[in-house]
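Asker: Quick one: structure below, then a few questions.
The values are calculated or read from the model by the stated rules, or taken from the named source; none is laboratory data. Remember, predicted model here, so these are calculated numbers, not experimental data. No Cβ is skipped: glycine too gets one built from the backbone with ideal geometry, and neighbour counts run over all protein chains shown. We work out accessible area using only protein heavy atoms, side chains counted, and drop any ligands, DNA or RNA first. Shrake-Rupley method; radii C 1.70, N 1.55, O 1.52, S 1.80 Å.
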Amino acid sequence: LIWRLSKKRTINYDFVEFDSPVNGDRIRLTPEIAMRMQRNLGSYIQMVFDECTHYPATQDDAYVSMKRSEQWAERSFRAYEDIKGDADSTIFGIIQGGIYSDLRLENLDFLASIDFDGMAIGGLSVGEPLDERMEVLETLLPEMVQHKPRYLMGLGTPIDIIKAVEVGVD
């Protein structure tokens, strides 16, 4: 949602604000609010609050977005731990970094230091050519922990799903 509303949003390291597409009210989201909302919905798999960059994005823009998402991932994890209680739920980190494999690997290294139950790959399937997506996946997946779920967000076509599973996406 935040990605789609990029022209109407305010984003910084503390929060994202945007106009509701339903009634125009100004909505503010933080990692803590996002985690609480997922908990209230009874989500079994909660996803950290992150920023998905547009395609094409410069390496500098992808880096800034990735760093913001790292801070949000830490805050999301702390909020999740604080509110989880005895709920039977899990939390996934989301790897960002645009189409830049070096940023993706840096982000993976950072996220791996947090005890997530699984890892999602975000920021793909946003208009990039298939060969660029596959290059990122082929670089990233061998470096990911094999015993935790690896989820590629945003795929829609059967061919895209098959190609992703062939290189190691669960």
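Asker: Run the dipole for region 120-170 about the Cα centre, Lys and Arg Cβ at +1, Asp and Glu Cβ at -1, nothing else charged, and hand back the magnitude in debye, nearest 20.
Answerer: On the way: 4 positive and 9 negative charges, 52 e Å.
That gives region 120-170 a dipole magnitude of about 260 debye.
Asker: Only four residue types carry charge here, +1 at the Cβ of Lys and Arg and -1 at the Cβ of Asp and Glu. Report the dipole size of the chain about the Cα centre in Debye, rounded to the nearest 20.
Answerer: On the way: 18 positive and 29 negative charges, 136 e Å.
Taking the Cα centre of the chain as origin, the dipole is about 660 debye.
Asker: Tell me the mean residue ellipticity at 222 nm calculated for the chain from its helices only (DSSP H runs of n ≥ 4, each -39500 (n - 2.57), averaged over every residue, nearest 500). Let's see the in-between values first.
Answerer: Values: 5 runs with 68 residues, N = 170.
Taken over the chain, the calculation gives -13000 deg cm²/dmol.
Asker: Quick one: if you stick a label point 7 Å off each Cα along the C-beta vector at Ile114 and Met153, how many nm between them?
Answerer: Result: 1.1 nm between the two label points.
Asker: If I model a spin label at Asp170 and Val64 as a point 7 Å from the Cα along the Cα→Cβ vector, what separation in nanometres do I get?
Answerer: It is 3.5 nm.
Asker: Of Asp86, Asp14, which has the most accessible area with a 1.4 Å probe, and how do the rest follow in descending order? Numbers along the way, then the final one.
Answerer: On the way: Asp86 145, Asp14 95 Å².
Solvent-accessible surface, decreasing: Asp86, Asp14.
Asker: By a straight-distance test (C-alpha under 26 Å), which lysines pair with Lys8 as possible cross-link partners, with residues fewer than eight away in the same chain excluded?
Answerer: Lys8 reaches Lys67.
Asker: For the chain, what does the alpha-carbon gyration tensor say about shape, rounded, prolate or oblate, given a ≥ b ≥ c as the root eigenvalues, a/c under 1.5 as rounded, and a/b over b/c as prolate?
Answerer: Details: a/c = 1.59, a/b = 1.19, b/c = 1.34.
Oblate.
Asker: Could you rank Tyr80, Tyr100, Tyr63, Tyr44 by how accessible they are, 1.4 Å probe, largest area first? Show your work: numbers first, answer last.
Answerer: Working: Tyr80 5, Tyr100 55, Tyr63 95, Tyr44 165 Å².
Of Tyr80, Tyr100, Tyr63, Tyr44, the descending order of accessible area is Tyr44, Tyr63, Tyr100, Tyr80.
Asker: Okay, next question. Counting DSSP beta bridges with both partners in the chain, what percentage is antiparallel, nearest 5? Write down the numbers at each step before the final one.
Answerer: Working: 7 of 17 bridges.
Here the antiparallel bridges make up roughly 40 percent for the chain.
Asker: For the residue pair Ile45 and Leu105, what label-to-label distance in nm results when each label sits 7 Å from Cα along the Cα-to-beta-carbon direction?
Answerer: 2.6
Asker: A follow-up question, please. Straight distance only, please: which aspartates and glutamates reach the Cα of Lys163 with their own Cα at less than 17 Å, same-chain residues fewer than 8 apart left out?
Answerer: Glu128, Asp131, Glu132, Glu135, Glu138
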